[in-house]
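The values are calculated or read from the model by the stated rules, or taken from the named source; none is laboratory data. None of the values given here were measured: they were computed from a predicted structure. Cβ coordinates were reconstructed from backbone atoms using ideal geometry, including for glycine residues, and neighbour counts include every protein chain displayed.
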Amino acid sequence: MTRKATLEAASGAGLARARLPIDDSLFFKLVRVVNLTSRPFSETIGHANRLSLNEWRVMLLLAHRPGIAAREVALQTGLDKMAVSRALAALVRHGCVVRRGDPADKRRTRLWLSAAGQRAYARIGAPAKEREGRLFSGVSASAQAQMGRTLDRLIATLLQAESEAE
C-alpha cells in the first residue's frame, strides 16, 4: 500500500470514529422529525396554496401574535432574518400581511395578517391542526407535556447561547 493510500485509509477510519451514530443522536432525530413533518406540507398544502413552509410559519405566528415585529418573528420561529424577510415580502406581495409603523418606535414596523391572510390561515390551519393531532395520537398526554417542557428547555438554552454570542 502506498503512503498516500495508507494516509487516506487512516483519515477515513478516524472520520468514521468521529461521526455520531445517527440512530442515537437526538439532534439528528429532531432534524428528521422536522423534515418528515414539513415535507408533506410543502408537497400538498403549500403547493395547493402557493405558500412556502417559511411563509406558513410566519403566518402561524402572526395569527397568534398580531402586531409582532419582524425581529420577534425571527426569534420566535428560529428562522434567520433573511428567511423571515423573504417570507414577509412574499406574504405582503400576495396580500396576506399588512405592515404598519409602530407609533411608540418610528424605526419599528409591526405586522398583521390581512383579511386575505386570515382567510388563508383558517383554510390551511384546520388541516394542519388535524395532521398534528394524528402525529401525536400515539403519544400520551403526559409524554406530550414532558416533550413540551424538554423542548422549551432546549429552546431557552439555544436562545441564551445565541444571546451570549451577540
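Restricting the range 154-166 to residues that are of a type outside the set (A, V, I, L, M) and exposed (fewer than 10 other Cβ atoms within 10 Å of the Cβ), the residue that is nearest to Asn35 (Cα to Cα) is Ser163. Here is a check on your reading of the model: is Arg123 among the charged types (D, E, K, R), in contact with a helix residue (DSSP H, G or I) (Cβ under 8 Å, 6 or more places away or on another chain) and within 26 Å of Leu36 (Cβ to Cβ)? Taking the combined requirement at face value, the residue satisfies it. From Ala63, Ala87, Ala116, Ala143, grab the single residue that is more than 21 Å from Arg39 (Cα to Cα) and under 18 Å from the mean Cα position of the chain (by Cα). Criteria check complete, one pass: Ala63. Leu113 fulfils the conditions (1) more than 20 Å from Arg71 (Cβ to Cβ); (2) touching a Cys at 6+ places or on another chain (Cβ under 9 Å) except for a single criterion, (1). Residues that are of a type in the set (Gly, Ala, Ser) and either modelled with pLDDT of 80 or more or within 30 Å of Thr77 (Cβ to Cβ) (or both) within the range 1-52 comprise Ser25, Ser38, Ser42, Gly46, Ala48, Ser52, listed in sequence order. Selection of first residues in the range 71-96 that are over 16 Å from Leu60 (Cα atoms) and of second residues that are assigned to a helix (DSSP H, G or I), restricted to Cβ pairs under 7 Å at least 6 apart or on distinct chains, gives the following pairs, ordered by first then second residue: Asp80/Ala74; Lys81/Ala74.
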